[in-house]
């Protein structure tokens with residue numbers, strides 16, 4: 001564990017060790033994070049989008065809920081004026097919108113983007129190699145018995161706290177693969193039950209997310225017909241998430257939302273290991289350059305990406321590299337199960353660290369309170385982890401650290417024309433009884449705040 005001289009602690013490190021909410025912003029200039037390693041191109045993002053389009057007719061046949069969209073898995077962009085008022089964000093700070101990935105069909109979370117893309121890429125590679133597909137074919141051929149029997153020779157596995165496991169398990173089993181999800185002890189029981197109902201093998205592991213991933217990876221490496229979706233290291237996952245930026249650009253245009261120097265876009269993304277928010281932030285940065293400002297949101301007990309960013313900027317001397325939340329004496333215990341990750345993805349850090357504007361932490365009580373505020377104001381149902389984005393505007397516009405950052409970049413004058421986008425990440429399939437417990441706790445906390 002990290003044991004610095006308390007007199008040498010910065011206020012941010014002190015707040016982190018005490019599990020208090022805090023905003024950290026990346027320094028500019030020579031001190032800024034410059035992470036070598038994972039370098040992606042916009043052409044790769046476009047390729048991911050094209051792959052999803054090729055599979056859309058097949059997906060429309062496999063999943064009835066996609067019939068109306070023609071097999072496109074997407075979420076709405078929603079104005080959130082009532083939630084903005086509930087949060088106390090004044091109109092002069094800009095306008096709040098929601099990218100509603102909590103409502104993504106098929107998997108019910110943001111993980112549908114990367115997870116489904118990676119399994120489709122694997123299936124496409126196998127099918128082309130085996131002659132089951134030719135260039136220009138209708139991908140609905142992959143629903144035929146011959147293709148399903150071929151896919152059935154292979155196992156697709158993943159390590160997950162829940163939502164990624166749901167996305168991988170659902171799409172893999174639908175295509176005919178044998179599917180296995182290695183889950184940590186803190187994964188929700190209803191997620192395990194939903195996977196088993198789909199015929200997915202659920203392998204439970206004592207310990208946290210890292211241990212589940214390591215166990216799953218080791219098992220698959222021993223299987224010549226095994227394929228492991230590696231949330232910590234996967235380029236395919238990352239690019240599937242990044243493709244979301246292309247669809248969002250169209251939605252912003254249809255909503256007449258400008259993004260330029262005088263109309264900044266602030267995006268708040270819940271973060272676990274970093275792949276999903278990292279991919280989205282990368283895609284948005286490619287599209288909007290300096291006019292989009294992405295911030296990650298993490299639980300106070302699991303600020304793994306903040307620690308990685310700080311370490312990259314030389315702000316955590318003496319901490320082992322790459323840093324873990326356990327190094328600061330934190331527990332990694334949070335009701336935001338999808339965000340309970342002790343160590344950030346090095347791939348995501350390398351790809352997006354130099355572009356990320358900052359990271360902030362959120363207490364579980366705030367997640368529940370904002371969940372209840374969202375239900376009361378907009379009628380939307382999310383899980384606690386998906387509420388992390390709603391603390392972003394307040395951290396940016398209502399704290400000394402946020403105000404200082406805005407002033408230093410000349411953004412305060414443009415706030416009235418700004419767009420604040422909270423990205424909700426999961427909740428569609430939360431059972432009613434479980435959600436009612438969330439809502440009851442959240443209402444109590446919101447009433448007392």
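Values quoted throughout were computed directly from the atomic coordinates according to the rules given, and no laboratory measurement underlies them. The structure presented is a predicted model; accordingly, all values stated were derived computationally and were not measured. A quick note on method: Cβ atoms are made from the backbone with ideal geometry, for glycine too, and the neighbour counts reach across all protein chains shown.
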Problem set entry | CD proxy at 222 nm, helix term only [per DSSP H run n ≥ 4: -39500 (n - 2.57); per residue of the chain; nearest 500] | -13000 deg cm²/dmol
Exercise. Which angle between 0 and 90 degrees, to the nearest 10, do you get for helix 275-288 versus the longest principal axis of the chain when only C-alpha atoms count?
Worked result: 70
Problem set entry | Spin-label pair residue 263/residue 198, simplified geometry with 7 Å Cα→Cβ offset, distance in nm | 3.8
For this session: Rounded to the nearest Å, what's the spacing between the alpha carbon centres of the stretch 96-115 and the stretch 383-414? Just the number, please.
Result: 23
Exercise. Under a point spin-label approximation (7 Å from Cα along Cα-to-Cβ), what is the residue 433-residue 149 distance to one decimal in nm?
Worked result: 4.3
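State the antiparallel share, in %, of DSSP beta bridges confined to the stretch 38-194, rounding to the nearest 5.
Values: 3 of 9 bridges.
That works out to approximately 35 percent antiparallel.
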For this session: Please determine, in degrees from 0 to 90 and to the nearest 10, the orientation of helix 111-129 with respect to the longest principal axis defined by the Cα atoms of the chain, where the helix direction is its Cα long axis.
Result: 30
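Taking Cα pairs under 8 Å and at least six residues apart, what relative contact order does the chain come out at, in percent?
23
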Exercise. Looking only at 97, 423, 190, which one moves most when the chain is put into a Gaussian network model with springs between Cα atoms under 10 Å?
Worked result: 190
For this session: Using per-residue counts of other Cβ atoms within 10 Å, averaged over each peptide, order 393-400, 378-385, 134-141, 345-352 from highest down.
Result: 345-352, 378-385, 393-400, 134-141
Exercise. Taking the DSSP beta bridges in the stretch 250-397 as the whole, what percent of them are antiparallel, to the nearest 5?
Worked result: 10
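Sorted from fewest to most neighbouring beta carbons within 10 Å, what does the list 331, 366 look like?
Working: 331 14, 366 23.
Exposure proxy ranking, most exposed first: 331, 366.
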Exercise. Just for the Cα atoms in the stretch 197-320, what are the lengths along the principal axes, largest first, rounded to whole Å?
Worked result: 53, 43, 25
Problem set entry | Label-point gap, in nm, between residue 61 and residue 354 - each point 7 angstrom along Cα→Cβ | 4.5
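Apply 1/(1 + (r/R0)^6) to the Cβ-Cβ distance of residue 50 and residue 412, taking R0 = 56 Å, and write down the FRET efficiency to the nearest 0.05. List each step's numbers first, then the result.
Details: r = 40 Å, r/R0 = 0.72.
According to the calculation, E is roughly 0.90.
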For this session: Which order do the peptides 238-247, 216-225 take when ranked by the mean count of other beta-carbon atoms within 10 Å per residue, highest first?
Result: 238-247, 216-225
Problem set entry | Considering only the chain, percent of DSSP beta bridges that pair antiparallel, nearest 5 | 20
Problem set entry | Rule-of-thumb Rg ratio for the stretch 393-449 [Cα; 2.2 N^0.38 Å; N residues] | 1.66
Exercise. Going by how many other beta carbons lie within 10 Å of each one, how would you line up 52, 62, 128, fewest first?
Worked result: 128, 62, 52
